[in-house]
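Structure first, then comments.
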Amino acid sequence: MSYLTLAVILVGALCVFDLVLSLGIIRRLREQNETLARLSARHVGSDATVPVGEPVGEFTATTLGGAVVSRDGSDRHRLVGFFSPGCRPCEEQLPEFVQRATEFPGHVLAVVVAENGHADEYAGRLAPIADVVVEPSAGPLAHAFAVTSVPALCLVASNGTVVASGRTMAAIPDPARL
């Protein structure tokens, strides 16, 4: 009988120990979730590029077609998108960017952030609807637009000032409202 009492006490102690560990894990998961929410809140919105109302930095780049593009080289609004092969959010935003670019009344510039050999697929998909520039990460266009991560999308006025920016096409106004 004393063995049975000892076994029940031991099982009860193990259950209490397991309960304490489980509550500790739940608390840590909640803290981690709050931390992740705070961190992702910093990266949601218009901080993907130069802030709205600010001018884009000076840049000059040569497209895959051989054309030279610069900050002051357009007298119309410019839709600009930064994408990188292998980036899941980029892959999700690319079809929406292509759709919007086909309807866009101004100039469309697509920047593929990759080494030349890895940019072929994206460049091929973007070339029919946009001037495509391929550059390594932290290249001159990414620097001029202050790109913090990809995808980065923005609408630039003809004077070089950012009108809208974000990480999704939802942040860019419809061309019909321009």
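Comparison of ALA152, ALA142, ALA138 shows that the only residue that is within 23 Å of PRO51 (Cα to Cα), touching a residue at least 60 places away in the same chain (Cβ under 8 Å) and surrounded by fewer than 23 Cβ atoms within 10 Å (Cβ to Cβ) is ALA142.
For region 106-130, enumerate the residues that are touching a His at 6+ places or on another chain (Cβ under 8 Å) and modelled with pLDDT under 90.
Within region 106-130, GLY106 is the sole residue that qualifies.
Kindly list the number of the only condition in (1) surrounded by 18 or more Cβ atoms within 10 Å (Cβ to Cβ); (2) in a strand (DSSP E or B) that fails for ALA164. Of the numbered conditions (1) surrounded by 18 or more Cβ atoms within 10 Å (Cβ to Cβ); (2) in a strand (DSSP E or B), the odd one out for ALA164 is (1).
Table: residues versus (1) in a helix (DSSP H, G or I); (2) at pLDDT 90 or above; (3) acidic (Asp, Glu).
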residue	(1), (2), (3)
ILE9	yes, yes, no
GLY12	yes, yes, no
SER22	yes, yes, no
GLY45	no, no, no
VAL50	no, no, no
ASP72	no, no, yes
GLY86	no, no, no
GLU92	yes, yes, yes
PHE97	yes, yes, no
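So, ALA157, is that one within 15 Å of ARG78 (Cβ to Cβ) and within 16 Å of the chain's Cα centre (by Cα) or not? Taking the combined requirement at face value, the residue does not satisfy it.
The values are calculated or read from the model by the stated rules, or taken from the named source; none is laboratory data. Here the structure is a predicted model, which is why all the values come from computation and not from measurement. For neighbour counting, all protein chains shown are included, and Cβ atoms are generated from backbone atoms with ideal geometry for every residue, glycine included.
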